[in-house]
1. Suppose we filter the range 1-23 for residues that are free of Cβ contacts under 8 Å to residues at least 40 places away in the same chain, touching a strand residue (DSSP E or B) at 6+ places or on another chain (Cβ under 8 Å) and farther than 15 Å from Lys58 by Cβ; how many remain?
2. State all residues of the range 10-35 that are in a loop (DSSP other than H, G, I, E, B) and modelled with pLDDT under 95; if no residue qualifies, say none.
3. Kindly indicate the residue of the range 25-39 that is over 15 Å from Lys58 (Cα atoms) and among the hydrophobic types (A, V, I, L, M, F, W, C) and also surrounded by the fewest Cβ atoms within 10 Å (Cβ to Cβ) among those meeting that condition.
4. Quick check on my filter: what residues within the range 16-25 are more than 8 Å from the ligand (Cβ to nearest atom) and out of contact with any Pro (no Cβ under 8 Å at 6 or more places or on another chain)?
5. Please tell me if Lys46 is at pLDDT 95 or above, exposed (fewer than 13 other Cβ atoms within 10 Å of the Cβ) and under 15 Å from Phe4 (Cβ atoms).
6. Among the numbered conditions (1) at pLDDT 95 or above; (2) under 11 Å from the mean Cα position of the chain (by Cα); (3) part of a loop (DSSP other than H, G, I, E, B), tell me where Lys38 comes up short.
7. Filter the range 49-62 down to the residues that are in a loop (DSSP other than H, G, I, E, B), surrounded by 13 or more Cβ atoms within 10 Å (Cβ to Cβ) and of a type in the set (A, V, I, L, M, F, W, C) and list them by number.
Amino acid sequence: MEKFIAIQPNIFCEPCKECGERPVIAQVKSKFIVRCPKSKSHYQTKPGLVDIKDWNIKNKVHAPLGNKETSKKKAS
Ligand SMILES: [Zn+2]
């Protein structure tokens, strides 16, 4: 059985881009993985330190770089 550790509510986390769940921390031996509680096949960080930053980058669904500016220009 896998045991998950909840991430403190005051820490900002992107929801899982596959299912929208808030990520959890899983401990594997002495290492930590930030992952989706629903499925192993959803994104998970590499074992090591708790890397919520990496999780957030990988689960951002918004289009990368500059897209906002482009749409603003079009609108005005
Ligand atoms: Zn998920």
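1. Our first condition is that a residue be free of Cβ contacts under 8 Å to residues at least 40 places away in the same chain; within the range 1-23, this holds for 1-6, 8-10, 18-23.
Remaining after also requiring touching a strand residue (DSSP E or B) at 6+ places or on another chain (Cβ under 8 Å): 2-6, 23.
Restricting the remaining residues to those that are farther than 15 Å from Lys58 by Cβ gives 2-6.
Final tally of qualifying residues: 5.
2. Lys29, Ser30
3. Val28
4. Across the range 16-25, the qualifying residue is only Ile25.
5. In short, no.
6. Every condition holds for Lys38 apart from (2).
7. Across the range 49-62, the qualifying residue is only Val50.
The values are calculated or read from the model by the stated rules, or taken from the named source; none is laboratory data. Here the structure is a predicted model, which means the values were calculated and not measured. Methodologically, a virtual Cβ is constructed for each residue, glycine included, from the backbone with ideal geometry; neighbour enumeration extends over all protein chains shown.
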